[in-house]
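Derivation of every value follows stated rules applied to the coordinates shown; laboratory data play no part. Because the structure is predicted, anything quoted here is derived from the model rather than measured. No Cβ is skipped: glycine too gets one built from the backbone with ideal geometry, and neighbour counts run over all protein chains shown.
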Amino acid sequence: MDKTETNVHINDIYTVDITDLGIHGEGIGRAGNLAIFVAGALPDETAEVKIKLLKKSYAVGQLISIKKKSPYRTEPACPVYKDCGGCQISHLTEEGQKEIKYRRVKNVVERIGEQSGETVRKISSGGAPFHYRNKMILPCGIVKGMPALGYYRQGSHDIVPIQNCLIQQEENNKLLRFAERFIKKHNISLYDEKQKKGSLRHIMGRVGDGGKMMALIVTAGAELPKEKEWIEAVKKEMPEVISFYHNVQPLPGNVILGKKMRHLWGEKTLTASLCGLRFEVSPYSFFQVNKEQAEILYETALEYAGLSGGETVIDAYCGTGTISLCLAKKAGKVIGIEIVKSAIEDAKKNAKLNGIENTEFHAADAGKLMPELYKKGLRPDIIVVDPVRAGCSEEVLNAAAGMDPKKIVYISCNPATFARDARILKTKGYEIKKVQPVDMFPQTMHIETVALIEKAE
């Protein structure tokens, strides 16, 4: 690269004012005419930064020193924080984390959504900053010649060994330590993803009501080494575990669970409660990992829906029916639509489990089914969407607006795709009225939002 084009040189040190955080928690500032990404730096800080990577439109810098410190900076409680990629912003206080996430949502609503940032509410205080996750999935591998379980280092598949994750519930940490002891004792073969050899790939734990657990072991091969010993050891050392599974994932890549699932011992499902409802959770089931904040999220969605008892509601992307069943308690009828057939089967079971009869569930593409329902005379009062990180498909947005509901309640795990979809809905006559960010994932850059979108007057 012609250095005169950028005025920024590799290995040179620059004084940089940090103004924002990137999606991985890296500080963002400018040196010369380039954006600089600096791991460990925080907004409102002035830092000395050494340029380590130079590209045409940006540079990556190494934090050398902090000349002006953020008032929100704190010392991370986790001993492996600087190496582990599980958390990104533990060097921010709780107040600082909420402020940066609020700014992020407000920014994308204005910049991408092209609507007023004044609609974005502040993130409420409260909620446990640590030990909130009821689901754990950890890769297994060899680190420095020893078996190890942990999280990947940021931007890599190098395992950082851990014994106690501060964002996991203690039951999951106990399972982690138990699994590591068992692996070492029985010399279990661990999977090497580079060579595509070995057996054990992942350990998964889920915590339900009363601290009861589901444990699951993922292997590359069809057999679980020392299967009988695993079962006996779980019974003896992990009384919390009431459900034990083995999953086979022979395919390389990042998809953790394979198609073959074997029930080894105990109950086939785990009971987990949410908003006064009971859900039977299977190994493939989606369930919110932070129960306390999920209840706030769903209560806000109900508040925005403003149900009085007679409304017809469509819940697109309904998953296993958690939101649908919460809505059904106050609506006349709820129609849940989800393309994953197994999720719909779970939704039907959960409706029956809770004695809810004013729901119907369809295994279908919402973008295709909703226009068909409209042609048949269905006129929903409210449409709720809760898509994956990629946001709603254009077909779903077109179908939702085409059904002409009074309100659209949009639940999102990705502020950027929510803002994009809100901009599309704006062209169809709908505008954002309220946005409430909910901090479901403290110590990380992830943030959930729930928005009320109404027909423009």
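The convex hull defined by the C-alpha atoms of the stretch 159-286 has an orientation-averaged projected area of 8.2 nm². Both radii come from the Cα set of the stretch 1-67: Rg as radius of gyration, Rh as Kirkwood radius; their ratio Rg/Rh reads 0.94. Annotation: the antiparallel percentage among DSSP beta bridges lying fully within the stretch 134-274 is about 75. I need the calculated FRET efficiency for the pair ILE137 and LYS228, taking r as the beta carbon distance and R₀ as 35 Å, to the nearest 0.05. Step by step, r from the Cβ atoms, then E = 0.90. Among the GluC sites (Glu not before Pro) in the stretch 85-115, those located in a DSSP loop and surrounded by at most 14 other Cβ atoms within 10 Å of their own Cβ are GLU114.
Looking at the stretch 3-68, the DSSP beta bridges with both ends there are about 85 percent antiparallel.
By DSSP, the beta bridges lying fully in the chain are antiparallel in about 70 percent of cases. Since only LEU176, ILE18, SER199 are under comparison, the one whose Cα sits farthest along the positive direction of the charge dipole of the chain, derived from C-beta charges on Lys, Arg, Asp and Glu, is SER199. Only one item in (1) 23.0; (2) 26.3; (3) 24.1 matches Kirkwood radius over Cα pairs in Å derived from the coordinates shown, and that item is (3). Qualifying trypsin sites (Lys or Arg not before Pro) in the stretch 357-392, where qualification requires a DSSP coil assignment and no more than 12 other C-beta atoms within 10 Å, comprise LYS376, ARG389. Extending 7 Å from Cα along the Cβ direction at LYS185 and again at GLU95 yields two label points whose distance is 4.8 nm. Exposure proxy for HIS186, HIS246: other Cβ atoms within 10 Å of each Cβ, ordered fewest to most, give HIS186, HIS246. Dividing the summed -39500 (n - 2.57) terms of all DSSP H runs of n ≥ 4 by the residue count of the chain sets its mean residue ellipticity at 222 nm at -8000 deg cm²/dmol. Centre-to-centre, using Cα atoms only, the stretch 345-367 and the stretch 256-306 are separated by 14 Å.
For the stretch 165-249, the relative contact order comes to 27 percent (Cα pairs under 8 Å, sequence separation of at least 6).
Projecting the Cα positions of PRO147, ILE123, ASN33 onto the charge dipole of the stretch 30-160 (unit charges on Cβ atoms of Lys, Arg, Asp and Glu, taken about the Cα centre) puts ASN33 furthest along the positive direction.
Relative contact order, whole percent, for the chain stands at 12, derived from Cα pairs under 8 Å and 6 or more residues apart. Remark: spin-label model distance LYS68-ASN33 equals 2.5 nm, labels positioned 7 Å along the Cα→Cβ axis. Considering only VAL385, MET440, LEU224, the residue lying farthest towards the positive end of the dipole of the chain is LEU224, judged by Cα position with unit charges set on Cβ.
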